[in-house]
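Visitor: One structure coming up, written as structure tokens, with questions to follow.
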Amino acid sequence: MCTTTNSPETIEALKKYSGQIEQLARDLGLDYYPVDFELVPNNFMMEIAVYGLPVRMHHWSFGVRYIHQLIRQGMGHSRIFEVMFPGDPCRAYLVNGNTLPENTLVTAHVLGHADFSKNNHLFAKFMEMAGGHILEQAAARAHRIETAIQEHGQERVEAVLDAALALEPHIDINRELHRPLYTTPGHKVEPQPQVDPFLKRFRSLPGEKAPTDHHATGKRATIPPQPEYDLLWFIANYAPDLEGWERDIFLAVREESFYFYPVFACQIMNEGWASYWHARLLREADFLPHDLYLSAIKAHSDVVRPYAAERQLALAVNPYHLGFSMWEDIIEKHGLDNARRIMKEEDDFGFVRNYLTKELIEKLELFVYEARNDGDIRIADNEVHAVHEAILSPKFNYGAPRIAANNLHVDGSLQLLHDHQSDGRGIDLARAERVLEYIGRIWRRPVTLHTIGDRGEARVVTSKRI
């Protein structure tokens with residue numbers, strides 16, 4: 001049963017087992033959009049994993065990621081079994097170099113992902129905003145960027161992509177994907193709500209002043225009216241000299257970032273849910289040959305193991321292992337119906353904080369560690385709150401520093417502000433300087449970032465030495 005899935009016989013066997021597993025999944029209550037499966041070679045799968053999509057805009061940074069992934073795979077630290085894209089339909093890519101048992105397991109795993117992505121509120125919300133045909137949309141955007149390269153040259157287009165991709169995580173997930181520009185004095189974006197008669201009468205009482213008309217007094221409206229954390233949107237719409245094709249690139253990167261956010265914010269839940277269901281589907285699939293089942297279960301054990309490699313204790317959480325263990329614990333204690341409710345309502349933040357208990361932390365041997373200057377690793381804490389925050393802090397704000405556009409000055413210069421208090425961390429000043437250089441090329445006016453240094457002192461990083 002070690003034959004790869006690239007011969008006519010193994011492909012037909014996989015189709016047969018996949019159809020039976022899908023029927024079993026429906027019988028067990030999984031609810032998902034149709035899934036289109038495709039077998040692809042390993043190098044194509046590597047490109048999908050690195051670019052994030054089968055067809056996406058070209059940029060040198062993806063080549064760097066590809067080399068990094070290739071090295072990790074060559075060292076045995078990373079192996080890609082499948083990639084699934086939520087949508088209607090879902091698209092799933094399987095490696096034809098996987099064995100038949102591995103791809104049978106992967107089929108069941110993908111169905112768990114499909115059930116999760118259709119029913120989880122965060123996935124549903126972002127899919128409604130971005131649409132369910134991300135692959136076609138991404139391909140169309142890549143074509144427009146290729147056209148821009150032909151019209152404006154590789155160097156100019158790459159400079160815009162440098163800035164946009166450097167800001168890829170800097171969206172505001174609490175705002176809509178498609179949002180209007182700021183309301184300015186004398187310009188109404190939306191109809192004003194009807195004034196309550198009581199409030200109207202109250203405002204007419206003696207001594208009450210009418211609201212100041214800033215437009216009438218000539219006072220310039222502040223832009224942005226409040227700190228703006230959606231930097232991609234802000235630059236696309238308010239950069240003084242941005243051309244239309246440059247704006248399109250920023251909005252394209254932003255839309256893809258919105259699409260990817262639920263995958264990032266629900267990784268532990270999603271991978272755990274898919275792992276729970278692939279294990280259960282395999283266990284109840286009495287139509288599978290015994291030797292295939294045993295090989296698939298061996299692959300399952302490799303996926304959800306708590307170790308980084310061999311017997312070394314992992315210093316980074318394996319989301320498959322943690323999520324699988326948590327869902328098993330929840331289903332055992334609260335039942336499948338409650339587990340489905342949790343799956344629909346939570347993201348990783350609520351999931352970990354509400355359901356990763358002290359008992360489970362001790363059982364899974366989770367801890368917070370400290371790395372000393374001499375290279376030694378020491379266990380610092382295994383208290384519940386400390387473990388929760390160690391797992392979740394890298395997920396806050398898409399894993400990026402919380403930075404807002406704070407003031408667009410009259411001369412067109414831009415001030416950015418690092419919200420280090422809510423962020424709870426500093427920033428890499430050297431990286432911040434590089435990113436500001438990228439932004440400065442696009443903004444074409446001075447850009448400054450106000451932040452703090454390692455000792456809490458005020459620091460100002462600028463895109464231009466002034």
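The values are calculated or read from the model by the stated rules, or taken from the named source; none is laboratory data. What you are looking at is a predicted structure, and each value in this text was computed from that prediction instead of being measured. Ideal geometry is used to build each Cβ from the backbone, glycine not excepted, and the neighbour counts take in all protein chains shown. Just so you know, the surface numbers come from the protein's heavy atoms only, side chains and all, with ligands and any DNA or RNA stripped out. Shrake-Rupley method; radii C 1.70, N 1.55, O 1.52, S 1.80 Å.
Visitor: Out of the residues in the stretch 358-369 that are out of contact with any strand residue (DSSP E or B) (no Cβ under 7 Å at 6 or more places or on another chain) and open to solvent by less than 40 Å² (accessible area, probe 1.4 Å), state the one that is modelled with the lowest pLDDT. Steps first, please.
Guide: Going through the stretch 358-369, the residues out of contact with any strand residue (DSSP E or B) (no Cβ under 7 Å at 6 or more places or on another chain) turn out to be 358-366.
Next cut, open to solvent by less than 40 Å² (accessible area, probe 1.4 Å) only: 360-361, 364, 366.
Details: 360: 93, 361: 90, 364: 88, 366: 82.
For the stretch 358-369, the residue satisfying everything is 366.
Visitor: Can I ask one more? Go through the stretch 166-253 and tell me which helices (runs of 4 or more DSSP H), entirely inside it, have 2 or more residues that are closer than 30 Å to residue 265 by Cα and at pLDDT 90 or above.
Guide: Ranges flagged: 231-238.
Visitor: While we're on this one: Write out, first by first residue and then by second, each pair whose Cβ atoms fall under 6 Å of each other, whose residues are 6+ apart or on separate chains, and whose first residue, in the stretch 403-426, is under 15 Å from residue 449 (Cβ atoms) while the second is in a loop (DSSP other than H, G, I, E, B) and open to solvent by 70 Å² or more (accessible area, probe 1.4 Å).
Guide: 413/445
Visitor: Those residues that are surrounded by 15 or more Cβ atoms within 10 Å (Cβ to Cβ) and free of Cβ contacts under 8 Å to residues at least 24 places away in the same chain, I need them from the stretch 150-185; list them, please.
Guide: 156
Visitor: If the Cβ limit is 9 Å and pairs must be 6+ apart or interchain, which residue in the stretch 29-44 that is surrounded by fewer than 16 Cβ atoms within 10 Å (Cβ to Cβ) pairs with which residue that is modelled with pLDDT of 95 or more and acidic (Asp, Glu)?
Guide: 29/115; 31/115
Visitor: Let me ask another. Which residues, counting only those in the stretch 1-46, are among the charged types (D, E, K, R) and either under 16 Å from residue 105 (Cβ atoms) or part of a strand (DSSP E or B) (or both)?
Guide: Step one: of the stretch 1-46, the residues among the charged types (D, E, K, R) are 9, 12, 15-16, 22, 26-27, 31, 36, 38.
Scanning the stretch 1-46 gives 15, 16, 22, 36, 38.
Visitor: Of all residues in the stretch 392-432, count the ones that are small (Gly, Ala, Ser), closer than 21 Å to residue 443 by Cα and surrounded by fewer than 12 Cβ atoms within 10 Å (Cβ to Cβ).
Guide: Residues that pass the stated criteria total 1.
Visitor: For the stretch 87-122, what are the residues that are touching a His at 6+ places or on another chain (Cβ under 9 Å) and small (Gly, Ala, Ser)?
Guide: 87, 92, 108, 112
Visitor: Now a separate question. Please go through the stretch 263-287 and give me each residue that is open to solvent by less than 10 Å² (accessible area, probe 1.4 Å), outside any helix (DSSP H, G or I) and farther than 19 Å from residue 393 by Cβ, ordered by number.
Guide: Correct list: 285 only.
Visitor: Same structure again: Please work out if residue 429 is closer than 25 Å to residue 222 by Cα and aliphatic (A, V, I, L, M). Walk me through it before giving the result.
Guide: Values: closer than 25 Å to residue 222 by Cα: no; aliphatic (A, V, I, L, M): yes.
Judged against the criteria, residue 429 is not a match.
Visitor: State whether one or more residues within the stretch 100-112 are under 13 Å from residue 31 (Cβ atoms) and either out of contact with any Asp or Glu (no Cβ under 7 Å at 6 or more places or on another chain) or surrounded by fewer than 24 Cβ atoms within 10 Å (Cβ to Cβ) (or both).
Guide: Yes: the stretch 100-112 contains one or more residues that are under 13 Å from residue 31 (Cβ atoms) and either out of contact with any Asp or Glu (no Cβ under 7 Å at 6 or more places or on another chain) or surrounded by fewer than 24 Cβ atoms within 10 Å (Cβ to Cβ) (or both).
Visitor: Oh, and also: So, residue 227, is that one out of contact with any Leu (no Cβ under 8 Å at 6 or more places or on another chain) and under 17 Å from residue 408 (Cβ atoms) or not?
Guide: no
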